[in-house]
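Notes follow the structure.
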Amino acid sequence: MTVIQRKPFCRDHFPYKPGEHVVFGGPSTHGKTTLAFDLMEWIATPDFPAYLAVSKPSDPVTKTRGAELGFRVVQDWPPPPKLQEMMGGKKPSGFVVWPPFGDLNADMARCAEVTERLLMDRYSAGASGKNKGGLLVMDDTMVKAKVMGLDRPMVTILAMAGAMKLGLWIFVQKPTDSGRTTTWGYEQATHLFFTKGGDERMLRRYVEILGENGPIARKVIPTLEHFQFLYVHKVEGWMCIVEAKP
């Protein structure tokens, strides 16, 4: 199994095409969000931006990496236009959509409303030909699907938005019990990233998802080091290990 350093993989060896969907699978604190930002650094541009929907009060990785990449942080969607952008200034290569938190009774409902507006707006813009696509990055996918009730719009985008060059990136802690988005995500995704962790049931599900490449994954995934990922191009069957280090 070929092992590729993180930065060279993200820069030179990730064959991403607009509209393709991506799944990051593995337990929390295993580096899924960090890897997503490492990839977005080379993919997201002002003409093909990333839209990262946050659904928790604190996320140090998103805060730090979003700032490093110059992503614009907004509390609502659509955001108010900035004067410098209206006057022809450079637009950001990404947006961090981060509603305010602090009210236990209202936080999830407010975040769900904002995230749904983001999903609907980008889908509508793509369907009408008003935008050139982009990346919808749904960190904490299970929370969005089940707690916020956003399973339906995310599944719709997985099924129909690829032709609009609108790719959905989803994050799955367990490949079961995470709403229809998980099932559709694994079926519709072109790119799969798996990290070590979880129980035997989780590993068996990965083997089922990967079909003829499943036996290889069963051998490789338990041997991964912390923050390493097994990458699988589901269409072409190409596989490698993405190193944890830059």
Report the antiparallel proportion of the DSSP beta bridges in the chain as a percent, rounded to a multiple of 5.
-> 25 percent
Relative to the longest principal Cα axis of the chain, at what angle does helix 151-160 sit, 0 to 90 degrees, rounded to 10?
-> 80 degrees
Extent of segment 101-246 along each principal axis, from alpha carbon coordinates, in Å, largest to smallest?
-> 42, 39, 31
Return the FRET efficiency for the residue pair residue 12, residue 159: r is the Cβ-Cβ distance, R0 is 35 Å, and the value is rounded to the nearest 0.05.
-> 0.70
Between helix 107-127 and the chain: long-axis angle, C-alpha atoms, 0 to 90°, nearest 10 | 90 degrees
For segment 95-246, what's the relative contact order in percent, using C-alpha pairs closer than 8 Å and at least 6 residues apart?
-> 16 percent
Percent of C-alpha pairs per 5 Å bin, segment 88-148, short to long | 3, 15, 22, 23, 17, 12, 5, 3, 0
Could you pull out the GluC sites (Glu not before Pro) across segment 165-242 that fall in loop regions by DSSP (anything but H, G, I, E, B) with no more than 14 other Cβ atoms inside 10 Å?
-> 225, 236
Kirkwood Rh in Å, taken over the chain so that all alpha-carbon pairs contribute = 18.3 Å
Per-residue [θ]222 nm for the chain (sum of -39500 (n - 2.57) over DSSP H runs n ≥ 4, rounded to 500) | -10000 deg cm²/dmol
How large, in percent, is the carbon and sulfur part of the accessible surface of segment 1-109 at a probe radius of 1.4 Å?
-> 56 percent
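The values are calculated or read from the model by the stated rules, or taken from the named source; none is laboratory data. All values reported here derive from a predicted model rather than from experimental measurement. Positions of Cβ are generated from backbone atoms using ideal geometry, with glycine treated the same way; all protein chains shown enter the neighbour counts. To get the accessible areas, we keep the full protein, side chains included, count just its heavy atoms, and leave off ligands, DNA and RNA. Shrake-Rupley method; radii C 1.70, N 1.55, O 1.52, S 1.80 Å.
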